[in-house]
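*Asks:* Once you've had a glance at the structure underneath, I'll fire off some questions.
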Amino acid sequence: MIGNNEFIAFAAGVLEVPAAALSLESEYASIPQWDSIAHLRLVTAIASRYGTEIPFADITVATSLWELWRRVNCASPKKVVAVDLDGTLWDGVVGEDGVDAIRPRTDFQRQLKELKRRGVLLVALSKNNPEDIGFLFPVANAVSPRAPEGMVLAETDFAAWRIDWNDKAANLSSVAAELNLGAEAFVFVDDNPAERLTMGRALPDVTVARFPPNLAAYFPDGTVTEEDRVKTEQYRAEAQRRQFLGSTTTDGESLFELLGIRLDIHPMRADEAPRVAQLSQKANQFNVCTNRYTEDVVRRLAAEGLVVTVRATDRFGEQGLVSFVVVRGEEIVDWVMSCRVMGRGIEERVARVVEKLARARGVRRLDATWRRSGRNAPAADLFDRLGFEVKETTEELKRYERVLG
């Protein structure tokens, strides 16, 4: 992995500015030297130095040093903003100054609200008494009689809360487990330098933003899918699923029945291409080859072969488009699934439909590959479980074959 300081020094050399003038939150046009010509020069230099080609369609999206660093290192996009409250979402300390003295930072809250609309999860981390905080947020988008004027965020905008006096790094780890996400998915925002330093040391995989933060660097604009708009609700429903399942030891087949899962498995529709591209970019654990696609590439794959998409619903609600499989000729070249639905008996049903669709195209044998990425171990035995025959095994990949009946 290319280190932060190394990449910043490299970018500084290309842009001809002191490295001290840059951080990973620096964006295109944030300094006079970084104009459109310099941006193209930087993208070209990245391809030459690191071998990372930025697709032409993405050049206007990959406009922060963090986004460029992420692509060089094949890192996943951020998914969560874990935000402090006192001094961050508002001016003042509610436990000392009282609710009436609080002055919301309305513009910052609007920015977070927009990120939530785009599918970013919001998490509140605050050292406070829970009873003091509840008065500040409108509940279910209704105005609280004590909520200060200018409060934009509501209680329902947050996927999780940790309001107590515990260590914030421990609380963030707890939230990560609750949401079934890795620490690398989080951006931490806090006005207190001591809290930022402590978080960075305790959880180095968490990105600690400067304050005030430039969140646009971590969450570039892009297509907003229907799944994005309901992402917070989906994660809340997932917490309810896990609570319902408790400590059950049932296998995937039993979980499928217990949760009342219903699947819609079909060749990709044109309007699903943005979500397929997005899922390819975000999924790490159940991702057999870890290819990252743009919308244009997804449409081309569908035109040249077969892209099968999977939508799921269960007793707790709709989960949206949760998986896709790419078949080209006689080969499954990709299979990606949201980690939220792994191990629930979905894979076996998808495989049966994929094989049926392939046979209808005259395919009599399917090859498949699992390629190690460092984080996709949960998918390492997928094709073994589905009855594929192993043809080759190395430390980095496994190749399979299955004759279709």
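*Asks:* Please pick out the residue among Glu227, Glu253 that is touching a helix residue (DSSP H, G or I) at 6+ places or on another chain (Cβ under 8 Å), part of a helix (DSSP H, G or I), within 20 Å of Ile346 (Cβ to Cβ) and assigned by TED's automatic domain parsing to the domain that holds Thr313. Break it down stepwise before answering.
*Replies:* On the way: Glu227 fails: assigned by TED's automatic domain parsing to the domain that holds Thr313.
None of the other options fit; the residue is Glu253.
*Asks:* Could you tell me how many of the residues in segment 60-95 are touching a strand residue (DSSP E or B) at 6+ places or on another chain (Cβ under 9 Å) and over 14 Å from Ile46 (Cβ atoms)?
*Replies:* Matching residues across segment 60-95 total 17.
*Asks:* Could you please find all residues in segment 1-13 being within 18 Å of Asp58 (Cβ to Cβ) and surrounded by fewer than 18 Cβ atoms within 10 Å (Cβ to Cβ)?
*Replies:* Taking segment 1-13 first, the residues within 18 Å of Asp58 (Cβ to Cβ) are 7, 11.
Result: no residue meets the conditions.
*Asks:* Oh, and also: When segment 84-100 is examined, which residues are found to be part of a loop (DSSP other than H, G, I, E, B), of a type outside the set (A, V, I, L, M, F, W, C) and modelled with pLDDT under 95?
*Replies:* Restricting attention to segment 84-100, the residues satisfying the condition of being part of a loop (DSSP other than H, G, I, E, B) are 84-85, 87-89, 92-93, 98.
Going one step further and asking which of them are of a type outside the set (A, V, I, L, M, F, W, C), we end up with 84, 87-88, 92, 98.
The answer is Gly92, Gly98.
*Asks:* I've got another one for you. Checking the condition of a type outside the set (A, V, I, L, M), modelled with pLDDT of 95 or more and not in a strand (DSSP E or B), which residue from Glu178, Glu195 passes?
*Replies:* Working: Glu178 fails: modelled with pLDDT of 95 or more.
Matching residue, one of Glu178, Glu195: Glu195.
*Asks:* While we're on this one: What tally of residues in segment 101-139 results from selecting those that are out of contact with any Asp or Glu (no Cβ under 8 Å at 6 or more places or on another chain), over 21 Å from Val80 (Cα atoms) and either part of a loop (DSSP other than H, G, I, E, B) or hydroxyl-bearing (Ser, Thr, Tyr) (or both)?
*Replies:* Qualifying residue count for the region: 1.
*Asks:* Just the residues that are outside any helix (DSSP H, G or I) and either touching a Pro at 6+ places or on another chain (Cβ under 6 Å) or touching a residue at least 24 places away in the same chain (Cβ under 8 Å) (or both), please, taken from segment 1-28. Steps first, please.
*Replies:* To start, the set of residues in segment 1-28 that are outside any helix (DSSP H, G or I) comprises 1-3, 16-18, 22-28.
Those that are outside any helix (DSSP H, G or I) and either touching a Pro at 6+ places or on another chain (Cβ under 6 Å) or touching a residue at least 24 places away in the same chain (Cβ under 8 Å) (or both): Met1, Ile2, Leu22, Ser23, Leu24, Glu25, Ser26, Glu27, Tyr28.
*Asks:* Mind telling me which of the residues Leu357, Leu382 ends up being more than 23 Å from the chain's Cα centre (by Cα), in the same structural domain as Asp264 (by TED's automatic domain parsing) and touching a residue at least 24 places away in the same chain (Cβ under 8 Å)?
*Replies:* Details: Leu382 fails: more than 23 Å from the chain's Cα centre (by Cα).
Just one listed residue meets the conditions, Leu357.
*Asks:* I'm checking my understanding of the structure. Among residues of segment 23-60 that are among the charged types (D, E, K, R) and surrounded by 13 or more Cβ atoms within 10 Å (Cβ to Cβ), which one is farthest from Arg71 (Cα to Cα)?
*Replies:* Start the filter on segment 23-60 by keeping residues that are among the charged types (D, E, K, R), which leaves 25, 27, 35, 41, 49, 53, 58.
With surrounded by 13 or more Cβ atoms within 10 Å (Cβ to Cβ) added as a condition, the list becomes 25, 27, 35, 41, 49, 58.
On the way: Glu25: 15, Glu27: 15, Asp35: 20, Arg41: 16, Arg49: 13, Asp58: 11 Å.
Looking at the filtered set, the residue picked out is Asp35.
Here is a yes/no grid of residues against (1) within 22 Å of Asn376 (Cβ to Cβ); (2) crowded, with 19+ Cβ neighbours inside 10 Å; (3) in contact with a Lys or Arg (Cβ under 6 Å, 6 or more places away or on another chain):
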| position | (1), (2), (3) |
| --- | --- |
| Val297 | yes, no, no |
| Arg300 | no, no, no |
| Thr313 | no, no, yes |
| Gln319 | yes, yes, no |
| Val326 | yes, yes, no |
| Val336 | yes, yes, no |
| Gly343 | yes, no, no |
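The values are calculated or read from the model by the stated rules, or taken from the named source; none is laboratory data. Keep in mind that this is a model prediction, so the values were computed, not measured. Cβ sites come from the backbone with ideal geometry, for glycine too, and all protein chains shown count toward neighbours.
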